[in-house]
1. Looking at (1) in contact with a Leu (Cβ under 9 Å, 6 or more places away or on another chain); (2) at pLDDT 95 or above; (3) open to solvent by 10 Å² or more (accessible area, probe 1.4 Å), can you tell me which one Pro230 breaks?
2. Just name the residue that is farthest from Arg346 (Cα to Cα) out of those in the range 38-71 that are among the β-branched types (Val, Ile, Thr) and open to solvent by less than 10 Å² (accessible area, probe 1.4 Å).
3. Looking at Val227, Val203 in this structure, which one is assigned to a strand (DSSP E or B) and closer than 16 Å to Ser260 by Cβ?
4. Any residue in the range 175-187 that is surrounded by fewer than 20 Cβ atoms within 10 Å (Cβ to Cβ), without any contact (Cβ under 8 Å) to a residue 40 or more places away in the chain and of a type in the set (S, T, N, Q)?
5. In this structure, does Leu131 turn out to be of a type in the set (A, V, I, L, M) and part of a helix (DSSP H, G or I)?
6. Restricting attention to the range 81-95, and to residues there that are in contact (Cβ under 8 Å) with a residue 60 or more places away in the chain and surrounded by fewer than 21 Cβ atoms within 10 Å (Cβ to Cβ), which single residue is nearest to Leu263 (Cα to Cα)?
7. Quick check on the range 296-316. Is at least one of its residues touching an Asp or Glu at 6+ places or on another chain (Cβ under 8 Å), in a loop (DSSP other than H, G, I, E, B) and at pLDDT 95 or above?
8. Working carefully through the options Ala299, Ala317, find the one that is open to solvent by 20 Å² or more (accessible area, probe 1.4 Å), in contact with a strand residue (DSSP E or B) (Cβ under 6 Å, 6 or more places away or on another chain) and farther than 23 Å from Val193 by Cβ.
Amino acid sequence: MTGRTPRLSRLRRVAGEGRAGRPVEARGAKPRRRGAQPKVVALGGGMGLSASLAALRRITGDLTAVVTVADDGGSSGRLRDELGVLPPGDLRKALAALCGDDEWGQTWARVIQHRFQSKGDLHDHAVGNLLIVALWEQIGDHVQALDLVGRLLGAHGRVLPMSAVPLELQALVKGHDPERPDDVDTVRGQATVALTPGEVQSVHLVPHDPPAVPEAVAAVLDADWVVLGPGSWFSSVIPHLLVPELLEALTETKARRVLSLNLAPQPGETEGFSPQRHLEVLGRHAPKLALDVVLADEAAVPDRDLLTDAAKRFGAAVELAPVARTDGSPRHDTELLAAAYDRIFRMHGRIGPWR
């Protein structure tokens, strides 16, 4: 037990009661059926989290996405700058990924992902971003508004921001200026960090001690499984570990934790990274984090022994599975990824009453 555990208990209680003293379920979330299926929480942002959610919703109906809120580019960045709101883009992508495969779900997925094309101020704004921000302004509560959007879309799960305040991602980058390859500079903004030249040494958030959303903390503490990744390593995956209350929940939870690795290094952010290097930088940012399983595509791991050694430092086993699309693109195949998660949940966790 840590000195912060009472704080986690308070967050859990606040999440359970809701801001108006009501249970969370009464605010739009589907009632939980304990023991009926695995309770899964997925952490990340962008297309990586979307891939994970699209797979996970096929194997459980008790799914919560906890999404980073440091985006400062595109439509999200413009709304953030103009209105002072959380960046809605990654939240929108998560909601779209949770839409069903029926006509209703796919129609709404296309609608909220639709971007306006014009020569005016609406150019490149996503419909879903505007809808989410409008509900935030109408309701005044991030969680209630996202729950309402989820109900409208018929989303197969819940979407939560990891923090209720907009965050700025900053990185220490060696060689950011090609003319000064040995210098370390501070690079500001998620969009800039994601494409930075040079070598990212570390990242941090501003503010440095952001408050976690209570419902996100409660979801992690109550989960059977927590899935971290895939996604932009420094700008979508690691930021969750920089929110103190969320990191402590990840440390304290009795859930089993699986880390899903990317299919390939990303230009700029993780250029030249091996699979084990991804684990090494994760460990530097959260040295007390333990994992149970590291999932990787078998074709993306040139040396299984090196990855196994890196995973052991987290207490984790390595699972290799074909999870990439067959078209050669570095993107996950939804059905293959779902099969891999399903096998991990059965083989590395207790064979729960959902089986």
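1. (3)
2. Here the answer is Val69.
3. Val227
4. Scanning the range 175-187, I find at least one residue that is surrounded by fewer than 20 Cβ atoms within 10 Å (Cβ to Cβ), without any contact (Cβ under 8 Å) to a residue 40 or more places away in the chain and of a type in the set (S, T, N, Q), so the answer is yes.
5. yes
6. If we take residues in the range 81-95 being in contact (Cβ under 8 Å) with a residue 60 or more places away in the chain and surrounded by fewer than 21 Cβ atoms within 10 Å (Cβ to Cβ), then Val85 is nearest to Leu263 (Cα to Cα).
7. First pass over the range 296-316, keeping only residues touching an Asp or Glu at 6+ places or on another chain (Cβ under 8 Å): 296, 310, 315-316.
Those still in the list that are in a loop (DSSP other than H, G, I, E, B) too: 315-316.
From the residues that got through so far, the ones that are at pLDDT 95 or above too are 315-316.
Yes, the range 296-316 contains a residue that is touching an Asp or Glu at 6+ places or on another chain (Cβ under 8 Å), in a loop (DSSP other than H, G, I, E, B) and at pLDDT 95 or above.
8. Numbers: Ala299 fails: in contact with a strand residue (DSSP E or B) (Cβ under 6 Å, 6 or more places away or on another chain).
Only one candidate qualifies: Ala317.
The values are calculated or read from the model by the stated rules, or taken from the named source; none is laboratory data. Every value quoted in this text rests on a predicted model; they were computed, and no experiment measured them. Note that we place each Cβ from the backbone using ideal geometry, even for glycine, and neighbour counts take in every protein chain shown. Heads up: the accessible areas ignore ligands, DNA and RNA and are worked out on the full protein's heavy atoms, side chains in. Shrake-Rupley method; radii C 1.70, N 1.55, O 1.52, S 1.80 Å.
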